[in-house]
Amino acid sequence: MKSSDLDFITIGRILAPWGIKGKLKVKVITDFPQRFAPSSTVYVNRQPMTIASTEWYKSKAIIKLNTIDNIEAAQRLRGQPIEIHHSQLYSLPEGQYYHFQLIGLEVWTTQGELLGNITEILTAESNDNYVVKGDKGEILIPAVEDVVKSIDLNKGRIVIEAIQGLLSLNQKSG
């Protein structure tokens, strides 16, 4: 990931126009849906825009951006990410991380074995699971206290305790 990619964080994706007056149906991909509140600044194609109004329909945000006034302009934005600048990030409590901070980190065991890098994070109700890709294929690592022993963003690594059967059980050939 280039450092310029970290300047902007995706919080939603424009699915389609909504009506004929420039409203957009947005899939929300943030834990902070209040980011779609009226008067909020978001970025589309790295251009700042202000949300003029927001409605909610079946867990999708229906937003009106201040510069999009017709269905043709809305149609051109189909599929585009809605982003925020990293300076707009909320501070998280100690020990909590944004997914983009964890993607790419090296995963090591407490015995000093490099397993690979986190390529994806699967979110589940009980806990997240890190998809780790390395020389031995893909391994799923549950993001729970018993397994994840330390996360060091500065060193770019996570240390895990490979509890009995974890590595062989979760290994997928890939």
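The values are calculated or read from the model by the stated rules, or taken from the named source; none is laboratory data. Predicted model, so just to flag it, every value in this text is computed and none were measured. Note: ideal-geometry Cβ built from the backbone for every residue, glycine included; neighbour counts use all protein chains shown.
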Exercise for review: Could you please find all residues in the range 22-63 being charged (D, E, K, R), surrounded by fewer than 16 Cβ atoms within 10 Å (Cβ to Cβ) and over 18 Å from Phe8 (Cβ atoms)?
Suggested key: Glu55, Lys58
Practice item. Report yes if Gly104 is within 27 Å of Ile29 (Cα to Cα) and either modelled with pLDDT of 90 or more or aromatic (Phe, Trp, Tyr) (or both), otherwise no. Key: yes
Exercise for review: Check off (1) in the same structural domain as Thr10 (by TED's automatic domain parsing); (2) in contact (Cβ under 8 Å) with a residue 24 or more places away in the chain; (3) not charged (D, E, K, R) for Asn66 and give me the number that stays unchecked.
Suggested key: (2)
Practice item. Assess whether Pro38 counts as being under 30 Å from Lys155 (Cα atoms) and modelled with pLDDT of 95 or more. Key: no
Check your understanding: Quick one: which strands (runs of 3 or more DSSP E) sit completely within the range 117-163 and have at least 3 residues that are farther than 23 Å from Ile29 by Cβ?
Key -> 148-152, 157-160
Revision key, fill the gap. Among (1) in contact (Cβ under 8 Å) with a residue 24 or more places away in the chain; (2) touching a Leu at 6+ places or on another chain (Cβ under 7 Å), Asn129 falls short only on (1)
**Study point:** Output for the range 143-170, where each listed residue is at pLDDT below 85 and within 14 Å of Tyr130 (Cα to Cα)
**Key:** Ala162, Leu166, Leu167, Asn170
Check your understanding: What about Ile141, is it touching a Lys or Arg at 6+ places or on another chain (Cβ under 9 Å) and either surrounded by 15 or more Cβ atoms within 10 Å (Cβ to Cβ) or not hydrophobic (A, V, I, L, M, F, W, C) (or both)?
Key -> no
**Study point:** When residues of the range 119-151 are limited to those that are of a type in the set (A, V, I, L, M, F, W, C) and touching a helix residue (DSSP H, G or I) at 6+ places or on another chain (Cβ under 8 Å), the one nearest to Tyr97 (Cα to Cα)
**Key:** Ile151
Exercise for review: Report whether or not Ala74 is of a type outside the set (D, E, K, R), at pLDDT 95 or above and under 30 Å from Ala124 (Cα atoms).
Suggested key: no
Check your understanding: Taking the range 80-107, which residues are within 18 Å of Arg13 (Cα to Cα), among the hydrophobic types (A, V, I, L, M, F, W, C) and in a loop (DSSP other than H, G, I, E, B)?
Key -> Leu89
